[in-house]
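For reference, the structure is listed below as structure tokens.
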Amino acid sequence: MFKKIENQINEFTSGIKEAKGCDELMVYMNSSYVSSIKLLMFASSSFSLYARLLLFFIIANGGLLMFTSIGALPLDFTPFLVVTFALVAMMVFYTSHFKKILTSSIEGVKTKMKS
């Protein structure tokens, strides 16, 4: 899974023709966390698919957490809370990991262009 996304990111960055394009992508990525996620979703369709699936699980588990907290479901509150925090942590790790890979790939392409 990770290797496929990394290959798609490398394929995306290999299409950059000028060093100016690398600089513009880096400025766009560093402008905000949301813009870097948008660029990752544009660069890799697999990243987009897995991120959306993980986001669905976060929302669904958050709904179950809410139902248990108000008493609509007669289940324990703690497991849903732990799973929700674990899913959010996985999402943060997932996006930050691939943001670093995209940044290093863009920098690698830029150094190849300069030499």
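Numerical summary
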{"item": "Every pair of residues 6+ apart whose Cβ atoms lie under 6 Å, when the first sits in the stretch 1-14 and is within 18 Å of LEU53 (Cα to Cα) while the second is in a helix (DSSP H, G or I)", "result": "LYS4/SER46; ILE5/SER46; ILE5/PHE47"}
{"item": "Residue pairs meeting the criteria (Cβ under 8 Å; at least 6 apart or on separate chains; first more than 17 Å from PRO79 (Cβ to Cβ), in the stretch 52-63; second open to solvent by 90 Å² or more (accessible area, probe 1.4 Å) and outside any helix (DSSP H, G or I))", "result": "none"}
{"item": "Selection status of ALA89, in a helix (DSSP H, G or I) and more than 30 Å from LYS20 (Cβ to Cβ)", "result": "yes"}
{"item": "The stretch 83-115 - residue that is open to solvent by 90 Å² or more (accessible area, probe 1.4 Å) and free of Cβ contacts under 8 Å to residues at least 40 places away in the same chain and, of those, nearest to LYS3 (Cα to Cα)", "result": "LYS100"}
{"item": "Which listed residue is more than 17 Å from the chain's Cα centre (by Cα) and aromatic (Phe, Trp, Tyr), from PHE77, PHE98, PHE2, PHE57", "result": "PHE77"}
{"item": "MET66 farther than 23 Å from LYS17 by Cβ and either modelled with pLDDT of 90 or more or in contact with a helix residue (DSSP H, G or I) (Cβ under 9 Å, 6 or more places away or on another chain) (or both)", "result": "yes"}
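The values are calculated or read from the model by the stated rules, or taken from the named source; none is laboratory data. Note that the structure is predicted; figures quoted are calculated from it, not measured. Neighbour counts run over all protein chains shown; Cβ positions are idealised from the backbone, glycine included. Heads up: the accessible areas ignore ligands, DNA and RNA and are worked out on the full protein's heavy atoms, side chains in. Shrake-Rupley method; radii C 1.70, N 1.55, O 1.52, S 1.80 Å.
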